[in-house]
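This report concerns only the one structure given below.
Derivation of every value follows stated rules applied to the coordinates shown; laboratory data play no part. Remember, it's a predicted structure, so these values are computed and weren't measured experimentally. Cβ coordinates were reconstructed from backbone atoms using ideal geometry, including for glycine residues, and neighbour counts include every protein chain displayed.
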Amino acid sequence: MKYRFAEMIWYETKEAAEQDRVAVLPVATYEDHGPHLPVDTDVVLCTGICERAVARIPSEAVLAPPVPHGYSPHHMDFHGTLTIGWDTFIKYVRDVCCSLAHHGFKRILIVNGHGSNASPLDLAARLTNIEYEGKILCASVNHWDTRKIKEVGAEVRDSEYGGTSHGGEYETALYLALKPDLVDMSRAVDERSPLPPSFKTDLLAGTHPQGSAARLIPYWSSQTVSGVLGDATKATVEKGEKFLEAATEGLVELIRELRGTEIPPRRDQHEEHISRKTAWT
Ligand SMILES: [Zn+2]
């Protein structure tokens, strides 16, 4: 059964939409990932996880062609970064999602592979829902934020808090599992953010236990010399395979959860028949 949107004949995409399959859209970016990883790290990881997840449940999902470029202006001090204006990026992804919705896909899941894409992609998903006036469900998620990868990630990782940020243990291990020949572990480093707890990040752990969940994204070159924030030295192929399986399974679970979610009808409270008394009951 075909699951890649790009490989379908046009009427097959119609059938996929009629089967209520969830359209899964990988979105990433090209940027520095330290002295040991290629600049396509976010693209390889995000598309690799999405590909595996959708292939596992082809009758329930479709893999939309990925959006490889993202929002990375704070990485431009490093060679290799390609960035898209925030508004162009949001509108571009919204337009891709609206195209899918136009053809009948009622549930769309944007899967993000780059931290700084998260806010713009949240908006792209919301704008799609607004554009379709609540008749579809468009959601977004980071591939390190599903239930299963959070659970397994905490068991598998060896680095302390901050070790699985950008180019660290998680991303390096995943790349090792997917394309080991392109990782130079002899150059892997452990470099940490100088910021206080409330502004530190860790992909798998989320908020620092001694900090608040604040958001601060300074220029990358002001925090790291190598480009890495995390402990890449702890990465191994074996851990990468466990991360990959958990991220894939977590995404499968989420796709199924979204597919099983009814689209709740809107109730326009301006309509005359809704009285002051019944509006809240
Ligand atoms: Zn990354």
* Principal axis box of segment 94-207, alpha-carbon based, largest edge first, Å -> 49, 36, 23
* Structure fact -> Correct semi-axes for segment 120-181, from √(5λ) of the alpha-carbon gyration tensor and rounded to whole Å with the largest first, are 32, 13, 11
* For segment 147-281, what is the largest minus smallest coordinate of the Cα atoms on each principal axis, given in angstrom and ordered from greatest to least? -> 71, 33, 24
* **Relative counts (whole %) of C-alpha pair distances in segment 16-258, using bins that are 10 Å wide** => 8, 33, 37, 18, 4, 0
* Asked: Can you pull the semi-axes for segment 63-119, root of five times each eigenvalue of the Cα gyration tensor, sorted largest first, whole Å?
  -> 25, 11, 9
* **Net charge contributed by nearby residues that have their C-beta within less than 14 Å of Pro66 (K/R +1, D/E -1)** => -2
* Asked: Which percentage, to the nearest 5, of the DSSP beta bridges contained in segment 16-258 is antiparallel?
  -> 15
